[in-house]
1. Taking the criterion of being touching a Phe, Trp or Tyr at 6+ places or on another chain (Cβ under 9 Å), closer than 18 Å to residue 81 by Cβ and among the aromatic types (Phe, Trp, Tyr), would at least one residue in the range 154-161 satisfy it?
2. Grab the strands (runs of 3 or more DSSP E) fully contained in the range 51-160, keeping just those with 2 or more residues being surrounded by fewer than 21 Cβ atoms within 10 Å (Cβ to Cβ).
3. Kindly establish whether residue 131 is over 22 Å from residue 179 (Cα atoms) and not aliphatic (A, V, I, L, M).
4. Which condition number does residue 105 fail, the rest of (1) modelled with pLDDT under 85; (2) touching a Lys or Arg at 6+ places or on another chain (Cβ under 9 Å); (3) not β-branched (Val, Ile, Thr) being met?
5. What residue, of 227, 127, 153, 213, is modelled with pLDDT of 90 or more and more than 19 Å from the chain's Cα centre (by Cα)?
6. If you take the residues of the range 1-17 that are of a type in the set (D, E, K, R) and at pLDDT below 95, which of them is surrounded by the fewest Cβ atoms within 10 Å (Cβ to Cβ)?
7. Kindly indicate the residue of the range 161-201 that is in a helix (DSSP H, G or I) and among the polar types (S, T, N, Q) and also farthest from residue 130 (Cα to Cα) among those meeting that condition.
Amino acid sequence: MIEVCGVFKKYGKQDALKGITFNVPQGSILGIAGANGAGKSTLFDILATLDRKYKGEVVIEGLSARRDYYKIRRILGYVPGNFSLYPDLTIMENISFFAQMYGSKPISYCESPFWESLKDFSNTRADRLSGGMKQKLSIICAMVHSPKILLLDEPTTGIDYLSRKAIWEELKKLKERGITIIASTHYYEEFNYMDTLLLLHEGNELLYSSIEDIRGDSEGSDVFYQDFLSRCLIQL
């Protein structure tokens, strides 16, 4: 369980987050959407315990993100918005490096549904991988210590449609194993993989609702979500 209550964050005089409140049950997927500058990456830094200078409370698995950050990092996997692995190392070398950092056995990567599409390229350097393969490798490296929670900051941005779909199908398998996932996205069709949506706008919590309630009786198409989000923004 992740609980965020009244989180405010400032950079100088600029408000990055303005009283954000939500919770994420275990084994569910929360999607975070919003334009650039909405506060998504700031929120991820706080959830990942990288930023502890904020007002409000963040509790992860009963632990304070501000005080117990070292314990939280043991149960947390984080993939930032920019590719952050070592480009001159191969797939296997990157996995082995992060496994050693976490004190885990590299063999644990075999448990990831992402490994199946990467194993034939295990000796390929990371900088020679496609965008989709880089993201899959990033997720594997974030999961070598078998975390309970996975944070993904725009994991599919700039990737083709089929690769994005493949990544989300594999994330769905992780959810079925009880892993809690928080992921941000710019793509409306990805909302259909999520249980709940948090919509941010200029640091404000514009919407926090289950996807079922948002969709109602409609089919949940791209057109529906675009129309829905447009109506939300018009209300500002």
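The values are calculated or read from the model by the stated rules, or taken from the named source; none is laboratory data. Just so it is clear, the model here is predicted, and its values are computed rather than measured. Cβ placement follows ideal geometry from the backbone for every residue including glycine, while neighbour counts extend to all protein chains displayed.
1. The answer is no; no qualifying residue exists.
2. 55-60
3. Yes: the conditions hold for residue 131.
4. (2)
5. 127 is the lone residue from the list that is modelled with pLDDT of 90 or more and more than 19 Å from the chain's Cα centre (by Cα).
6. Checking each candidate, the answer is 13.
7. Of all residues in the range 161-201, those in a helix (DSSP H, G or I) come to 161-176, 188-193.
Of the ones still in play, those that are also among the polar types (S, T, N, Q) are 163, 192.
On the way: 163: 10, 192: 25 Å.
That would be 192.
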